[in-house]
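The values are calculated or read from the model by the stated rules, or taken from the named source; none is laboratory data. The structure displayed is predicted, hence computed values, not measured ones. Because the Cβ atoms are built from the backbone with ideal geometry, glycine has one as well, and the counts that use them run over all protein chains shown. To get the accessible areas, we keep the full protein, side chains included, count just its heavy atoms, and leave off ligands, DNA and RNA. Shrake-Rupley method; radii C 1.70, N 1.55, O 1.52, S 1.80 Å.
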Amino acid sequence: MNQAAPSHLFYQTRLRRPLLQRAHGVHLWDIDGKRYLDGSSGAMVCNIGHGNPRVLEAMRRQMERATFAYRLHFENDASEQLARQCAALMPADINQLFFVSGGSEAVESALKLARQYAVATGESTRYKFISRFPSYHGATLGALGLTGQTSMTAPFAPMLQESAKIPAPTCYLDTDQLSEEQRGLRYADMLEAEILKQGPETVLAFVVEPVGGASTGALVAPDSYLPRIREICNRYGVLLILDEVMTGGGRTGTFLAGEHWQVTPDIVVLSKGFAAGYMPLGGMAARDDIVRAVLDDGGFIHGFTYAGNPLACAAGLAVLEELQGIHTGVDLMQQARTIGDLLKRRLQSLMQDYPHIGDVRGMGLLLAFELVNDRHSMQPLPAALEAHQKLVDIAYEEGLIIYSRRTRGGLLGDHFMVCPPLISDEDTIEELMARLRRSLDRFFKGVRL
(Lines give C-alpha, C1' and ligand atoms only; values in the text may rest on other atoms or scores of the structure.)
Protein backbone atom coordinates (compact mmCIF):
# COMPACT_ATOMS: atom_id res chain seq x y z
CA MET A 1 0.00 0.00 0.00
CA ASN A 2 1.27 3.49 -0.81
CA GLN A 3 2.40 5.44 2.23
CA ALA A 4 -0.47 7.69 3.29
CA ALA A 5 0.34 11.39 3.17
CA PRO A 6 -0.17 13.39 6.38
CA SER A 7 -3.80 14.39 6.67
CA HIS A 8 -5.41 17.56 7.99
CA LEU A 9 -8.74 15.74 8.25
CA PHE A 10 -9.83 13.96 11.37
CA TYR A 11 -12.77 11.74 12.10
CA GLN A 12 -13.63 9.37 14.93
CA THR A 13 -10.17 7.86 15.52
CA ARG A 14 -6.66 7.96 14.06
CA LEU A 15 -7.44 4.97 11.87
CA ARG A 16 -6.12 5.44 8.33
CA ARG A 17 -7.47 3.62 5.30
CA PRO A 18 -6.27 3.58 1.67
CA LEU A 19 -7.32 6.28 -0.74
CA LEU A 20 -10.37 5.35 -2.77
CA GLN A 21 -9.76 5.23 -6.51
CA ARG A 22 -13.20 4.27 -7.84
CA ALA A 23 -16.38 2.35 -7.07
CA HIS A 24 -18.79 0.43 -9.25
CA GLY A 25 -21.62 -1.95 -8.45
CA VAL A 26 -20.83 -3.84 -5.25
CA HIS A 27 -17.06 -3.19 -5.39
CA LEU A 28 -14.59 -0.44 -4.55
CA TRP A 29 -10.91 -0.12 -5.57
CA ASP A 30 -8.12 1.65 -3.73
CA ILE A 31 -5.28 3.50 -5.48
CA ASP A 32 -3.16 0.34 -5.45
CA GLY A 33 -5.81 -1.49 -7.43
CA LYS A 34 -6.99 -3.72 -4.59
CA ARG A 35 -10.67 -4.59 -4.89
CA TYR A 36 -13.04 -4.63 -1.90
CA LEU A 37 -16.53 -6.10 -1.69
CA ASP A 38 -18.85 -3.58 -0.04
CA GLY A 39 -20.43 -6.06 2.35
CA SER A 40 -22.11 -3.36 4.44
CA SER A 41 -23.12 -0.87 1.73
CA GLY A 42 -20.88 1.64 3.45
CA ALA A 43 -22.83 2.31 6.64
CA MET A 44 -25.93 0.57 5.25
CA VAL A 45 -26.29 3.39 2.73
CA CYS A 46 -25.44 2.30 -0.83
CA ASN A 47 -28.63 0.33 -1.44
CA ILE A 48 -28.46 0.40 -5.24
CA GLY A 49 -24.69 -0.01 -5.45
CA HIS A 50 -22.05 2.39 -6.70
CA GLY A 51 -21.81 4.28 -9.96
CA ASN A 52 -25.32 3.68 -11.26
CA PRO A 53 -25.33 5.39 -14.69
CA ARG A 54 -29.01 6.39 -14.62
CA VAL A 55 -28.63 8.13 -11.28
CA LEU A 56 -25.48 9.89 -12.44
CA GLU A 57 -27.23 11.02 -15.60
CA ALA A 58 -30.20 12.37 -13.61
CA MET A 59 -27.78 14.32 -11.44
CA ARG A 60 -25.97 15.67 -14.50
CA ARG A 61 -29.24 16.87 -16.01
CA GLN A 62 -30.15 18.62 -12.76
CA MET A 63 -26.71 20.21 -12.47
CA GLU A 64 -27.21 21.78 -15.87
CA ARG A 65 -30.43 23.38 -14.63
CA ALA A 66 -29.58 24.39 -11.04
CA THR A 67 -27.64 22.93 -8.15
CA PHE A 68 -29.18 25.05 -5.40
CA ALA A 69 -32.42 26.86 -4.74
CA TYR A 70 -33.34 28.13 -1.30
CA ARG A 71 -36.77 26.88 -0.34
CA LEU A 72 -38.06 30.31 0.71
CA HIS A 73 -37.11 31.75 -2.69
CA PHE A 74 -38.07 29.02 -5.16
CA GLU A 75 -39.79 25.68 -5.38
CA ASN A 76 -37.97 23.15 -7.53
CA ASP A 77 -39.31 20.34 -9.65
CA ALA A 78 -36.96 17.65 -8.30
CA SER A 79 -38.11 18.05 -4.70
CA GLU A 80 -41.76 18.32 -5.69
CA GLN A 81 -41.56 15.13 -7.74
CA LEU A 82 -39.65 13.27 -5.03
CA ALA A 83 -42.21 14.31 -2.40
CA ARG A 84 -45.04 13.16 -4.66
CA GLN A 85 -43.42 9.78 -5.31
CA CYS A 86 -42.57 9.26 -1.63
CA ALA A 87 -46.09 10.12 -0.51
CA ALA A 88 -47.41 7.44 -2.88
CA LEU A 89 -45.22 4.85 -1.12
CA MET A 90 -46.19 5.89 2.41
CA PRO A 91 -49.04 4.47 4.50
CA ALA A 92 -52.42 6.20 4.31
CA ASP A 93 -52.45 9.84 5.48
CA ILE A 94 -48.63 10.04 5.60
CA ASN A 95 -48.38 12.41 2.68
CA GLN A 96 -46.41 15.48 3.79
CA LEU A 97 -42.62 15.48 3.31
CA PHE A 98 -39.80 17.62 4.68
CA PHE A 99 -36.37 17.01 3.13
CA VAL A 100 -33.08 17.37 4.96
CA SER A 101 -29.46 16.30 4.46
CA GLY A 102 -29.17 13.27 6.74
CA GLY A 103 -30.59 11.01 9.40
CA SER A 104 -29.81 13.10 12.46
CA GLU A 105 -31.44 16.13 10.83
CA ALA A 106 -34.49 14.01 9.98
CA VAL A 107 -34.83 12.86 13.59
CA GLU A 108 -34.41 16.40 14.93
CA SER A 109 -37.11 17.54 12.51
CA ALA A 110 -39.48 14.85 13.73
CA LEU A 111 -38.95 15.81 17.38
CA LYS A 112 -39.68 19.46 16.67
CA LEU A 113 -42.72 18.72 14.52
CA ALA A 114 -44.16 16.45 17.19
CA ARG A 115 -43.70 19.11 19.89
CA GLN A 116 -45.16 21.91 17.77
CA TYR A 117 -48.13 19.69 16.97
CA ALA A 118 -48.81 19.21 20.68
CA VAL A 119 -48.64 22.96 21.26
CA ALA A 120 -50.84 23.69 18.26
CA THR A 121 -53.53 21.26 19.42
CA GLY A 122 -53.70 22.46 23.02
CA GLU A 123 -51.60 19.65 24.56
CA SER A 124 -48.55 21.63 25.54
CA THR A 125 -48.04 19.45 28.63
CA ARG A 126 -46.75 16.76 26.27
CA TYR A 127 -43.00 17.09 25.78
CA LYS A 128 -41.44 13.79 26.82
CA PHE A 129 -40.10 11.22 24.39
CA ILE A 130 -39.62 7.54 25.06
CA SER A 131 -37.15 5.40 23.14
CA ARG A 132 -35.35 2.10 23.66
CA PHE A 133 -32.11 0.84 25.14
CA PRO A 134 -30.03 -0.04 23.20
CA SER A 135 -30.88 2.16 20.23
CA TYR A 136 -29.30 4.70 17.92
CA HIS A 137 -31.12 7.72 16.51
CA GLY A 138 -28.38 10.16 15.58
CA ALA A 139 -25.43 12.22 16.75
CA THR A 140 -26.93 15.70 17.21
CA LEU A 141 -27.91 16.58 20.77
CA GLY A 142 -31.64 16.07 20.28
CA ALA A 143 -31.21 12.74 18.50
CA LEU A 144 -28.51 11.71 20.95
CA GLY A 145 -30.97 12.21 23.78
CA LEU A 146 -33.06 9.45 22.23
CA THR A 147 -30.07 7.20 21.64
CA GLY A 148 -29.58 4.36 24.07
CA GLN A 149 -25.88 3.62 23.78
CA THR A 150 -23.84 4.45 26.86
CA SER A 151 -20.51 4.70 25.05
CA MET A 152 -21.90 7.46 22.84
CA THR A 153 -24.04 9.39 25.30
CA ALA A 154 -22.04 9.37 28.56
CA PRO A 155 -19.64 12.27 27.76
CA PHE A 156 -22.54 14.51 26.78
CA ALA A 157 -24.97 13.57 29.55
CA PRO A 158 -24.94 17.02 31.22
CA MET A 159 -25.92 18.61 27.90
CA LEU A 160 -28.69 16.22 26.92
CA GLN A 161 -32.43 16.18 27.35
CA GLU A 162 -32.47 12.43 27.70
CA SER A 163 -35.57 10.49 26.83
CA ALA A 164 -37.00 7.80 29.03
CA LYS A 165 -35.92 4.34 27.87
CA ILE A 166 -37.54 0.93 27.74
CA PRO A 167 -35.62 -2.27 26.93
CA ALA A 168 -35.23 -3.26 23.30
CA PRO A 169 -36.87 -6.65 22.60
CA THR A 170 -33.71 -8.75 22.78
CA CYS A 171 -35.67 -12.00 22.89
CA TYR A 172 -32.68 -14.03 21.70
CA LEU A 173 -31.12 -13.44 25.13
CA ASP A 174 -34.22 -14.42 27.13
CA THR A 175 -34.33 -17.70 29.04
CA ASP A 176 -37.99 -17.64 30.10
CA GLN A 177 -40.57 -20.17 28.93
CA LEU A 178 -42.70 -17.66 27.03
CA SER A 179 -43.59 -18.06 23.38
CA GLU A 180 -42.23 -15.54 20.87
CA GLU A 181 -45.67 -13.93 20.69
CA GLN A 182 -45.82 -13.60 24.47
CA ARG A 183 -42.33 -12.15 24.59
CA GLY A 184 -43.23 -9.55 21.98
CA LEU A 185 -46.26 -8.49 24.00
CA ARG A 186 -44.24 -8.40 27.21
CA TYR A 187 -41.66 -6.04 25.70
CA ALA A 188 -44.34 -3.87 24.12
CA ASP A 189 -46.24 -3.59 27.38
CA MET A 190 -43.14 -2.03 28.90
CA LEU A 191 -44.05 1.05 26.88
CA GLU A 192 -47.42 1.29 28.60
CA ALA A 193 -45.75 0.94 31.99
CA GLU A 194 -43.31 3.73 31.15
CA ILE A 195 -46.07 6.02 29.86
CA LEU A 196 -47.95 5.55 33.14
CA LYS A 197 -44.75 6.13 35.13
CA GLN A 198 -44.00 9.38 33.29
CA GLY A 199 -47.63 10.55 33.33
CA PRO A 200 -49.63 10.06 30.12
CA GLU A 201 -50.41 13.75 29.85
CA THR A 202 -46.66 14.50 29.56
CA VAL A 203 -45.64 11.86 27.02
CA LEU A 204 -45.42 13.14 23.46
CA ALA A 205 -44.02 10.30 21.33
CA PHE A 206 -42.37 6.91 21.21
CA VAL A 207 -39.44 6.71 18.79
CA VAL A 208 -38.44 3.26 17.56
CA GLU A 209 -36.48 1.52 14.83
CA PRO A 210 -38.86 -1.10 13.34
CA VAL A 211 -35.82 -3.34 12.82
CA GLY A 212 -32.82 -2.56 14.95
CA GLY A 213 -29.88 -0.82 13.37
CA ALA A 214 -26.25 -0.60 14.39
CA SER A 215 -26.94 -0.50 18.15
CA THR A 216 -28.65 -3.91 18.28
CA GLY A 217 -27.42 -5.50 15.06
CA ALA A 218 -30.53 -5.98 12.89
CA LEU A 219 -32.72 -6.93 15.85
CA VAL A 220 -36.16 -8.14 14.77
CA ALA A 221 -38.93 -8.16 17.38
CA PRO A 222 -41.62 -10.87 17.43
CA ASP A 223 -44.56 -10.18 15.13
CA SER A 224 -46.74 -9.28 18.11
CA TYR A 225 -44.52 -6.36 19.14
CA LEU A 226 -45.15 -3.43 16.79
CA PRO A 227 -48.94 -3.90 16.49
CA ARG A 228 -49.21 -3.81 20.30
CA ILE A 229 -46.95 -0.72 20.36
CA ARG A 230 -49.38 0.98 17.95
CA GLU A 231 -52.34 0.04 20.18
CA ILE A 232 -50.64 1.49 23.26
CA CYS A 233 -49.76 4.74 21.51
CA ASN A 234 -53.38 5.08 20.36
CA ARG A 235 -54.67 4.41 23.87
CA TYR A 236 -52.68 7.25 25.42
CA GLY A 237 -52.60 9.73 22.55
CA VAL A 238 -48.85 9.22 22.07
CA LEU A 239 -47.36 9.75 18.61
CA LEU A 240 -45.52 6.82 17.06
CA ILE A 241 -42.36 7.89 15.22
CA LEU A 242 -40.66 5.18 13.15
CA ASP A 243 -36.96 5.77 12.66
CA GLU A 244 -36.48 4.22 9.22
CA VAL A 245 -33.15 5.92 8.56
CA MET A 246 -31.47 2.54 8.10
CA THR A 247 -34.45 0.35 7.26
CA GLY A 248 -36.21 2.64 4.78
CA GLY A 249 -35.47 2.63 1.07
CA GLY A 250 -36.06 -1.07 0.54
CA ARG A 251 -33.33 -2.47 2.80
CA THR A 252 -35.59 -5.01 4.53
CA GLY A 253 -37.55 -5.92 1.39
CA THR A 254 -40.26 -3.27 1.57
CA PHE A 255 -39.91 0.48 1.14
CA LEU A 256 -40.55 0.93 4.88
CA ALA A 257 -39.80 -1.84 7.36
CA GLY A 258 -42.99 -1.02 9.26
CA GLU A 259 -44.92 -2.45 6.30
CA HIS A 260 -43.96 -5.97 7.38
CA TRP A 261 -46.37 -5.59 10.30
CA GLN A 262 -48.93 -3.30 8.61
CA VAL A 263 -48.19 -0.66 11.24
CA THR A 264 -48.97 2.93 10.31
CA PRO A 265 -46.87 5.50 12.19
CA ASP A 266 -47.66 9.15 12.70
CA ILE A 267 -44.22 10.34 11.57
CA VAL A 268 -41.47 8.55 9.62
CA VAL A 269 -37.82 9.54 9.22
CA LEU A 270 -35.65 8.41 6.30
CA SER A 271 -32.06 8.80 5.10
CA LYS A 272 -29.13 6.49 4.23
CA GLY A 273 -30.58 4.30 1.45
CA PHE A 274 -33.06 7.03 0.54
CA ALA A 275 -30.48 8.58 -1.81
CA ALA A 276 -28.15 5.57 -1.54
CA GLY A 277 -25.01 7.65 -1.00
CA TYR A 278 -25.25 9.61 -4.24
CA MET A 279 -26.03 12.85 -2.36
CA PRO A 280 -26.64 13.76 1.29
CA LEU A 281 -30.41 13.41 1.66
CA GLY A 282 -32.90 12.58 4.37
CA GLY A 283 -36.56 13.11 4.88
CA MET A 284 -39.36 13.32 7.40
CA ALA A 285 -42.86 12.25 6.40
CA ALA A 286 -45.89 13.05 8.53
CA ARG A 287 -49.65 12.81 8.64
CA ASP A 288 -51.42 15.60 6.81
CA ASP A 289 -53.36 16.70 9.90
CA ILE A 290 -50.15 17.05 11.94
CA VAL A 291 -48.55 19.32 9.36
CA ARG A 292 -51.77 21.26 8.80
CA ALA A 293 -52.17 21.99 12.52
CA VAL A 294 -48.59 23.23 12.82
CA LEU A 295 -48.77 25.43 9.73
CA ASP A 296 -52.14 26.83 10.81
CA ASP A 297 -50.65 27.71 14.19
CA GLY A 298 -48.05 30.03 12.71
CA GLY A 299 -45.70 27.74 10.83
CA PHE A 300 -42.99 25.14 11.39
CA ILE A 301 -40.26 26.83 13.45
CA HIS A 302 -37.48 24.83 11.91
CA GLY A 303 -35.39 24.67 8.75
CA PHE A 304 -32.07 23.92 7.08
CA THR A 305 -30.23 25.72 4.31
CA TYR A 306 -30.13 22.60 2.15
CA ALA A 307 -33.72 21.48 2.77
CA GLY A 308 -35.15 20.26 -0.52
CA ASN A 309 -31.87 20.80 -2.38
CA PRO A 310 -32.64 20.18 -6.08
CA LEU A 311 -29.49 18.18 -6.80
CA ALA A 312 -29.97 15.92 -3.79
CA CYS A 313 -33.64 15.43 -4.60
CA ALA A 314 -32.86 14.64 -8.25
CA ALA A 315 -30.51 11.93 -7.03
CA GLY A 316 -33.13 10.68 -4.57
CA LEU A 317 -35.78 10.52 -7.27
CA ALA A 318 -33.50 8.53 -9.57
CA VAL A 319 -32.62 6.16 -6.71
CA LEU A 320 -36.31 5.64 -6.01
CA GLU A 321 -36.87 4.71 -9.64
CA GLU A 322 -34.02 2.19 -9.44
CA LEU A 323 -35.48 0.63 -6.30
CA GLN A 324 -38.79 0.14 -8.06
CA GLY A 325 -37.21 -1.11 -11.28
CA ILE A 326 -38.94 1.50 -13.42
CA HIS A 327 -36.19 1.45 -16.06
CA THR A 328 -34.79 -2.05 -15.52
CA GLY A 329 -37.81 -4.18 -14.66
CA VAL A 330 -35.92 -5.42 -11.58
CA ASP A 331 -37.69 -4.67 -8.30
CA LEU A 332 -34.73 -4.27 -5.94
CA MET A 333 -36.96 -4.49 -2.89
CA GLN A 334 -38.08 -7.95 -4.00
CA GLN A 335 -34.45 -8.79 -4.71
CA ALA A 336 -33.56 -7.74 -1.18
CA ARG A 337 -35.99 -10.36 0.09
CA THR A 338 -34.77 -13.11 -2.23
CA ILE A 339 -31.02 -12.52 -1.91
CA GLY A 340 -31.46 -11.65 1.77
CA ASP A 341 -33.03 -15.05 2.44
CA LEU A 342 -30.09 -16.73 0.69
CA LEU A 343 -27.50 -14.70 2.59
CA LYS A 344 -29.22 -15.31 5.92
CA ARG A 345 -29.19 -19.06 5.34
CA ARG A 346 -25.51 -18.91 4.44
CA LEU A 347 -24.73 -16.91 7.58
CA GLN A 348 -26.70 -19.36 9.71
CA SER A 349 -24.69 -22.21 8.20
CA LEU A 350 -21.56 -20.64 9.71
CA MET A 351 -22.87 -21.56 13.15
CA GLN A 352 -22.05 -25.22 12.41
CA ASP A 353 -18.35 -24.42 12.00
CA TYR A 354 -17.91 -21.51 14.38
CA PRO A 355 -19.37 -22.20 17.84
CA HIS A 356 -18.76 -18.62 18.93
CA ILE A 357 -21.40 -17.30 16.53
CA GLY A 358 -24.28 -17.05 18.95
CA ASP A 359 -27.00 -15.53 16.78
CA VAL A 360 -27.81 -14.60 13.19
CA ARG A 361 -30.69 -12.18 12.69
CA GLY A 362 -32.30 -9.58 10.47
CA MET A 363 -34.64 -9.11 7.52
CA GLY A 364 -34.00 -8.69 3.82
CA LEU A 365 -30.47 -7.40 3.38
CA LEU A 366 -30.27 -5.92 6.86
CA LEU A 367 -28.51 -8.84 8.54
CA ALA A 368 -26.05 -9.39 11.36
CA PHE A 369 -24.34 -12.09 13.37
CA GLU A 370 -23.17 -11.84 16.96
CA LEU A 371 -20.06 -13.40 18.46
CA VAL A 372 -20.31 -14.72 22.02
CA ASN A 373 -18.06 -16.46 24.50
CA ASP A 374 -20.60 -19.20 25.08
CA ARG A 375 -23.58 -19.93 22.85
CA HIS A 376 -25.58 -21.61 25.60
CA SER A 377 -25.42 -18.69 28.04
CA MET A 378 -24.92 -16.00 25.34
CA GLN A 379 -22.18 -14.54 27.52
CA PRO A 380 -20.33 -11.93 25.42
CA LEU A 381 -16.69 -12.14 24.50
CA PRO A 382 -14.31 -10.31 26.85
CA ALA A 383 -14.49 -6.59 26.12
CA ALA A 384 -10.69 -6.33 26.18
CA LEU A 385 -10.52 -8.62 23.16
CA GLU A 386 -11.98 -5.83 20.98
CA ALA A 387 -13.43 -8.49 18.70
CA HIS A 388 -15.76 -6.05 16.96
CA GLN A 389 -12.79 -4.09 15.61
CA LYS A 390 -10.35 -6.96 15.08
CA LEU A 391 -12.63 -8.96 12.82
CA VAL A 392 -13.52 -5.86 10.81
CA ASP A 393 -9.82 -5.14 10.29
CA ILE A 394 -9.07 -8.72 9.25
CA ALA A 395 -12.00 -8.72 6.84
CA TYR A 396 -10.75 -5.45 5.38
CA GLU A 397 -7.39 -7.08 4.72
CA GLU A 398 -9.29 -9.89 2.99
CA GLY A 399 -11.04 -7.36 0.76
CA LEU A 400 -14.39 -7.48 2.57
CA ILE A 401 -16.01 -4.48 4.22
CA ILE A 402 -18.36 -5.24 7.10
CA TYR A 403 -19.68 -3.02 9.90
CA SER A 404 -19.53 -3.67 13.63
CA ARG A 405 -20.70 -2.25 16.92
CA ARG A 406 -20.89 -3.24 20.57
CA THR A 407 -24.19 -5.06 20.97
CA ARG A 408 -25.08 -4.42 24.59
CA GLY A 409 -25.32 -0.72 25.21
CA GLY A 410 -22.11 0.04 23.34
CA LEU A 411 -19.92 -1.40 26.10
CA LEU A 412 -20.07 -5.18 25.69
CA GLY A 413 -20.83 -7.67 22.97
CA ASP A 414 -19.75 -7.85 19.36
CA HIS A 415 -22.06 -7.91 16.35
CA PHE A 416 -21.29 -7.54 12.68
CA MET A 417 -23.62 -6.09 10.08
CA VAL A 418 -23.58 -7.95 6.75
CA CYS A 419 -25.66 -5.76 4.45
CA PRO A 420 -24.46 -5.69 0.83
CA PRO A 421 -26.24 -3.57 -1.78
CA LEU A 422 -29.67 -4.65 -2.99
CA ILE A 423 -28.21 -5.29 -6.45
CA SER A 424 -26.28 -8.26 -5.02
CA ASP A 425 -26.75 -11.60 -6.75
CA GLU A 426 -25.72 -15.19 -6.01
CA ASP A 427 -22.16 -14.54 -7.21
CA THR A 428 -21.93 -11.62 -4.78
CA ILE A 429 -23.01 -13.86 -1.92
CA GLU A 430 -20.48 -16.54 -2.89
CA GLU A 431 -17.65 -14.00 -2.91
CA LEU A 432 -18.83 -12.45 0.35
CA MET A 433 -19.06 -15.78 2.17
CA ALA A 434 -15.65 -16.95 0.94
CA ARG A 435 -14.01 -13.76 2.19
CA LEU A 436 -15.95 -13.88 5.46
CA ARG A 437 -14.92 -17.48 6.13
CA ARG A 438 -11.27 -16.63 5.56
CA SER A 439 -11.66 -13.69 7.94
CA LEU A 440 -13.28 -15.78 10.65
CA ASP A 441 -10.61 -18.47 10.31
CA ARG A 442 -7.87 -15.89 10.76
CA PHE A 443 -9.68 -14.24 13.68
CA PHE A 444 -10.24 -17.43 15.66
CA LYS A 445 -6.74 -18.68 14.90
CA GLY A 446 -5.34 -15.51 16.45
CA VAL A 447 -7.31 -15.44 19.73
CA ARG A 448 -7.58 -17.70 22.77
CA LEU A 449 -11.09 -18.35 23.99
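Here are some notes:
- Filtered residues of region 414-433 (kept if open to solvent by 10 Å² or more (accessible area, probe 1.4 Å) and out of contact with any strand residue (DSSP E or B) (no Cβ under 9 Å at 6 or more places or on another chain)): 425, 426, 427, 430
- Each residue in region 3-34 was checked for being surrounded by 12 or more Cβ atoms within 10 Å (Cβ to Cβ) and modelled with pLDDT of 95 or more, and 11 pass.
- Residue 220 in contact (Cβ under 8 Å) with a residue 60 or more places away in the chain and open to solvent by less than 10 Å² (accessible area, probe 1.4 Å): no
- Among the candidates 289, 189, residue that is of a type in the set (Asp, Glu), over 18 Å from residue 110 (Cβ atoms) and modelled with pLDDT of 95 or more: 189
- Within region 158-217, considering residues that are polar (S, T, N, Q) and part of a helix (DSSP H, G or I), the one nearest to residue 247 (Cα to Cα): 182
- Filter result (within 18 Å of residue 90 (Cα to Cα) and surrounded by fewer than 24 Cβ atoms within 10 Å (Cβ to Cβ)) within region 276-298: 287, 288, 289, 290, 291, 292
- If you go through region 243-261 and keep only what is among the aliphatic types (A, V, I, L, M) and more than 13 Å from residue 103 (Cβ to Cβ), you end up with 256, 257.
- Of the set (1) in contact with a Leu (Cβ under 9 Å, 6 or more places away or on another chain); (2) open to solvent by 60 Å² or more (accessible area, probe 1.4 Å); (3) assigned to a helix (DSSP H, G or I), all apply to residue 143 but (2).
- Residue within region 274-283 that is over 23 Å from residue 59 (Cα atoms) and at pLDDT 95 or above present: no
- Of note, residue 279 does not satisfy the criterion of being part of a strand (DSSP E or B) and either in contact with a Cys (Cβ under 9 Å, 6 or more places away or on another chain) or closer than 18 Å to residue 213 by Cβ (or both).
- In region 320-345, the residue that is farthest from residue 254 (Cα to Cα) out of those that are surrounded by 14 or more Cβ atoms within 10 Å (Cβ to Cβ) and among the basic types (Lys, Arg) is 344.
- Being open to solvent by 60 Å² or more (accessible area, probe 1.4 Å) and among the aliphatic types (A, V, I, L, M) is a property that residue 301 has.
- Residues in region 415-447 that are under 12 Å from residue 390 (Cα atoms) and among the aliphatic types (A, V, I, L, M) were compared, and the one that is modelled with the lowest pLDDT is 447.
- Among the numbered conditions (1) out of contact with any Cys (no Cβ under 9 Å at 6 or more places or on another chain); (2) touching a residue at least 60 places away in the same chain (Cβ under 8 Å), the only one that residue 441 does not meet is (2).
- Checking each residue in region 371-427 for being in contact (Cβ under 8 Å) with a residue 60 or more places away in the chain, farther than 23 Å from residue 342 by Cα and of a type outside the set (Ser, Thr, Tyr) picks out 373, 378, 381, 385, 387, 405, 406, 408, 409, 410, 411.
- Within region 379-403, the set of residues being more than 14 Å from residue 449 (Cβ to Cβ) and either open to solvent by less than 10 Å² (accessible area, probe 1.4 Å) or within 25 Å of the chain's Cα centre (by Cα) (or both) comprises 388, 389, 392, 393, 394, 395, 396, 399, 400, 401, 402, 403.
- Set 162, 180, 201, 209: member being over 28 Å from residue 416 (Cα atoms), among the acidic types (Asp, Glu) and open to solvent by 10 Å² or more (accessible area, probe 1.4 Å): 201
- Among strands (runs of 3 or more DSSP E) entirely within region 15-96, having at least 3 residues that are among the hydroxyl-bearing types (Ser, Thr, Tyr) singles out no element at all.
- In the set (1) assigned to a loop (DSSP other than H, G, I, E, B); (2) open to solvent by less than 30 Å² (accessible area, probe 1.4 Å); (3) hydrophobic (A, V, I, L, M, F, W, C), residue 118 fails one condition alone, (1).
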